[in-house]
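K.L.:
Provided herewith is a single structure, encoded as C-alpha cells, for subsequent inquiry.
The values are calculated or read from the model by the stated rules, or taken from the named source; none is laboratory data. These numbers come from a predicted model, not from an experiment. Cβ coordinates were reconstructed from backbone atoms using ideal geometry, including for glycine residues, and neighbour counts include every protein chain displayed. We work out accessible area using only protein heavy atoms, side chains counted, and drop any ligands, DNA or RNA first. Shrake-Rupley method; radii C 1.70, N 1.55, O 1.52, S 1.80 Å.
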Amino acid sequence: MGRLTGKTAIITGTAGGLGLTTIELFAKEGANVVAVDVQIDLLKENVAKISDIEGKILPFKMDVSSKADWAEVVEKTVKEFGQVDVLVNNAAVIKHGQSLMETTLEDWNLMIAVNQTGVLLGMQAVVPEMQKVGKGSIINISSIGGIAGGEADSFCAGYSATKGAVRSLTKHAAQMLTKDNIRVNSVHPGAMMTPMLKEALKDEANRQIVERSFPLPPHAADPADVAYGIVYLASDETKYTTGSELVIDGGFTSR
Ligand SMILES: NC(=O)c1ccc[n+]([C@@H]2O[C@H](COP(=O)([O-])OP(=O)(O)OC[C@H]3O[C@@H](n4cnc5c(N)ncnc54)[C@H](O)[C@@H]3O)[C@@H](O)[C@H]2O)c1
C-alpha cells in the first residue's frame, strides 16, 4: 500500500517538468490522478511512458485560467473516481528577461491569469467536493520568488509578484478552510531543472546567476526533490499541517 492509496488528486501543469514527475510519484504511491495541461498531446505522450504505478493517471486538457474548464475537470474527476481529495496547483508561466522596467502589461496580465487566478479558480472548484469528503489537501506551488527578491528572480517581475500572491492566498485559504478539515500549504522551489529553467539557462548570464545563487551542488534541484515534498503534504502524514511554507531551495532563502 502506498502513502496516497485511496486518494484522488487533480494536478495541473503536468505535461513536463515538476508536474510530470509529481503525477508519476503520486500514482506510484497509489493515488488516482487527473493530470491536466494545455499541452494535451505532449501530456498524453508522456503519460504513456509511465509504468509500474499503483494508481491510474487520466490526462485531460484544460486551461487553469478558465472557470468553465475547472467545472468540467472536477465533474470528470468525480464521475471517474468518485471524489476529490487533493489538488496541486502547479501550472505556471514565466516571461524571461522581463525585469521591473521591461515588464509589458500583456505579459503581466497573462502571468496573473495563469499563476494567480488559476490558483484561486482551482481552490473554488474543488472545495465543495472536499467538503463532501470531510477533508482535503490543497498544495499551491509558489517559488522562492514569492518569499525573496534577488538576482535569480529579478529577471521576471510579474512572475515574482504572482508567486507572492500564491503564498498569501494560501494562508488566507488555510484560515478559511480549517473548519472543513481542508489543509492548504504552499511549496517554494528554488532553481529546478525543468523546461522552464532550461529555457532561462540558454542565457549565459542567467546560468551564472543560478550557479552563484544556489551553492548546493548541482545548483538546480531535480524535480523529484520537490515532488517528494508535494507527496508529503498530500498524505495524511501532514494531517496537522496547514498554512505552512515548504521551502526546497538548496539554501537560497536561508542566507
Ligand atoms: N523550474 C524552476 O526553477 C522553478 C522554480 C520555482 C518555482 N517553480 C514552479 O514550479 C511549478 C512547475 O514549474 P516547471 O518548472 O515544471 O514549469 P514548466 O514550464 O516546465 O511546466 C509548466 C506546465 O504548465 C503548463 N501550463 C502553462 N499554462 C497553463 C495553463 N493556462 N493551463 C494549464 N496548464 C498550463 C505548461 O504547458 C507546462 O506543461 C510552477 O508553478 C513554477 O512556477 C519552478
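K.L.:
Net charge near M123: determine it from the other residues with C-beta under 13 Å of the C-beta of M123, scoring Lys and Arg +1 and Asp and Glu -1. Walk me through the numbers on the way to the answer.
P.N.:
Values: positive: K67, K171, R183; negative: E129, D180.
Its environment carries a net charge of +1.
K.L.:
Which value in Å is the Kirkwood Rh of region 156-209 over different Cα pairs? Could the numbers behind the result be given before it?
P.N.:
Numbers: mean 1/r = 0.0744 Å⁻¹.
Taking the inverse mean of 1/r over all distinct Cα pairs, region 156-209 comes out at 13.4 Å.
K.L.:
Another question about this same structure. Hey, got the dipole for the chain? About the Cα centre, +1 on K and R Cβ, -1 on D and E Cβ, debye to the nearest 20?
P.N.:
Numbers: 24 positive and 30 negative charges, 126 e Å.
My answer is approximately 600 debye.
K.L.:
Now for a separate question. Find, among the trypsin sites (Lys or Arg not before Pro) in region 83-136, those assigned to loop by DSSP (not H, G, I, E, B) with at most 15 other beta-carbon atoms within 10 angstrom. Don't skip to the end; give the middle numbers.
P.N.:
Working: sites: K95, K132, K135; in loops: K95, K135.
Hits after loop and neighbour filter: K135.
K.L.:
Taking the full set of protein chains and a 1.4 angstrom probe, give the accessible area of R212 in square angstrom, rounded to the nearest 10.
P.N.:
130
K.L.:
Rounded to the nearest 500, what is the 222 nm mean residue ellipticity of the chain from helices alone, with -39500 (n - 2.57) per DSSP H run of 4+ residues and division by all residues?
P.N.:
Details: 10 runs with 112 residues, N = 255.
Rounded to the nearest 500, the figure is -13500 deg cm²/dmol.
K.L.:
Past the 24 angstrom mark, what percentage of all C-alpha to C-alpha distances in region 32-183 do you count?
P.N.:
Values: 4471 of 11476 pairs.
Everything past 24 Å amounts to 39 percent.
K.L.:
Pairs K44/K239; K95/K135; K49/K76; K67/K132; K28/K67: which are spaced more than 28 Å apart, C-alpha to C-alpha? Display every interim value, and only then the final one.
P.N.:
Working: K44/K239 32 Å; K95/K135 36 Å; K49/K76 23 Å; K67/K132 21 Å; K28/K67 30 Å.
Exceeds cut-off: K44/K239; K95/K135; K28/K67.
K.L.:
Tabulate in residue order the Karplus-calculated ³J(HN,Hα) for region 208-217, using 6.51 cos²θ - 1.76 cosθ + 1.60 with θ = phi - 60°, rounded to whole Hz; enter x for Gly and Pro.
P.N.:
Residue by residue, region 208-217 yields 5, 4, 4, 4, 6, 7, 10, x, 5, x Hz.
K.L.:
Rg to Rh for region 143-255: what is it, with Cα atoms only and Rh by Kirkwood?
P.N.:
Details: Rg = 15.0 Å, Rh = 14.9 Å.
Reported Rg/Rh, Kirkwood definition of Rh: 1.01.
K.L.:
I've got another one for you. Name the most mobile residue of L42, L233, L169, meaning the one with the largest mean-square fluctuation, in a Gaussian network model of the chain with Cα contacts below 10 Å.
P.N.:
Ranking L42, L233, L169 by mean-square fluctuation puts L42 first.
K.L.:
Okay, next question. With the Cα gyration tensor of the chain in hand, convert its eigenvalues to equivalent ellipsoid semi-axes via √(5λ) and list them largest first in whole Å. Please list the in-between numbers first.
P.N.:
Values: eigenvalues 156, 73, 67 Å².
They are 28, 19, 18 Å, listed largest first.
K.L.:
How large is ³J(HN,Hα), in whole Hz, for each residue of region 76-90 in order, when computed from phi with the Karplus curve 6.51 cos²θ - 1.76 cosθ + 1.60 and θ = phi - 60°, using x for Gly and Pro?
P.N.:
5, 4, 5, 4, 7, 10, x, 6, 10, 9, 9, 10, 10, 8, 10
K.L.:
Sticking with this structure for a sec: Could you work out which residue, out of S51, S142, S66, moves most in a Gaussian network model of the chain, that is, has the largest mean-square fluctuation with Cα springs under 10 Å?
P.N.:
Answer for the Gaussian network model of the chain: S51.
K.L.:
Further, regarding this structure: For the chain, calculate the relative contact order in percent as a whole number, restricting contacts to Cα pairs under 8 Å that are 6 or more residues apart. Kindly include the intermediate steps, with their values, before the conclusion.
P.N.:
On the way: 522 pairs, mean separation 48.9, N = 255.
It rounds to 19 percent for the chain.
K.L.:
Right, next: Please report, to one decimal in angstroms, the Kirkwood hydrodynamic radius of region 18-99 built from all distinct Cα-Cα pairs. Walk me through the numbers on the way to the answer.
P.N.:
Values: mean 1/r = 0.0734 Å⁻¹.
Radius from the Kirkwood sum: 13.6 Å.
K.L.:
Leaving out ligands, DNA and RNA but keeping every protein chain, what accessible area does D222 have, in Å² rounded to the nearest 10, with a 1.4 Å probe?
P.N.:
Accessible area of D222: about 80 Å².
K.L.:
Report, by chain and number, residues whose modeled amide H sits under 5 Å from the one on V88, excluding near sequence neighbours (fewer than 5 apart, same chain).
P.N.:
Sorted by chain and number, the residues that satisfy this are I10, I11, T12, I139.
K.L.:
Each residue of region 174-185 in order: what ³J(HN,Hα) in whole Hz does its phi give by Karplus 6.51 cos²θ - 1.76 cosθ + 1.60, θ = phi - 60°, with x for Gly and Pro?
P.N.:
4, 5, 5, 10, 4, 4, 9, 6, 9, 8, 9, 10
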